[in-house]
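None of the figures in this text is laboratory data; all of them are computed from the coordinates on show. Please read all numbers here as calculations on a predicted model, not as lab measurements. No Cβ is skipped: glycine too gets one built from the backbone with ideal geometry, and neighbour counts run over all protein chains shown.
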Amino acid sequence: MGQLRQVIGKRKIFAITARAIIQDGNGWILFVRRNDNSEWVMPAGSIELDESIYDCVKREVYEETGLTVTAAVPFAIYSDPRFSFVTAYGDPYQMFSVVFLVTEWTGEIQMETNETTDARFFPLNELPSIPALYHETLADLQTYLENRAFILK
């Protein structure tokens, strides 16, 4: 993404991303605290050249948590123009995100990485302050789990 920004500057672009929802055995959700803006978020990031979207989610989860994804199921795509944002660096983009439910992983959570300052599982009734998008994603996960219906937004 950084290489693309060097060429196009501050023009709005599509950002193709993968996002992971990781639940522990209690149904708690893993969130990481970003080091650039201190927000609690789900592990996520942009796809790189010569990488599949599945490889992207595996890489991002590893980079942000230290966990190795061994199985994940895509359950939603977010691409609506209302999912337009500005990065912490002031770059505008419209998100095209594939959201994965990570069903199996190995390893131990790293509390701090190059991209994060904390990582923890939270119960659904005690979530940290998170962007509205993540509340919507959690509601969509519930719909998916109840109906096994893929979510397109």
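Overview of results
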| quantity | calculated |
| --- | --- |
| Taking 61, 73 and counting other C-beta atoms within 10 Å, the order from fewest to most | 73, 61 |
| Residues with amide H under 5 Å from that of residue 151, placed H, sequence gap 5 or more | 76, 77 |
| Distance between modelled label sites at residue 80 and residue 125, nm, 7 Å Cα→Cβ extension | 2.9 nm |
| Residue exposure sequence - 129, 38 - by fewest surrounding Cβ within 10 Å | 129, 38 |
| Cβ-placed point charges (K, R +1; D, E -1), dipole of the stretch 57-114 about Cα centre in debye, nearest 20 | 220 debye |
| Selected from 86, 25, 8, residue furthest toward positive end of dipole (the stretch 2-152; charges at beta carbon) | 8 |
| Charged-residue dipole, Cβ positions (Lys, Arg, Asp, Glu), the chain about Cα centre, Debye nearest 20 | 600 debye |
| Of 44, 88, 72, the one that fluctuates the most in a GNM where the chain has Cα springs shorter than 10 Å | 88 |
| Whole-angstrom gap from the stretch 76-103 to the stretch 1-25, using each part's C-alpha centre | 7 Å |
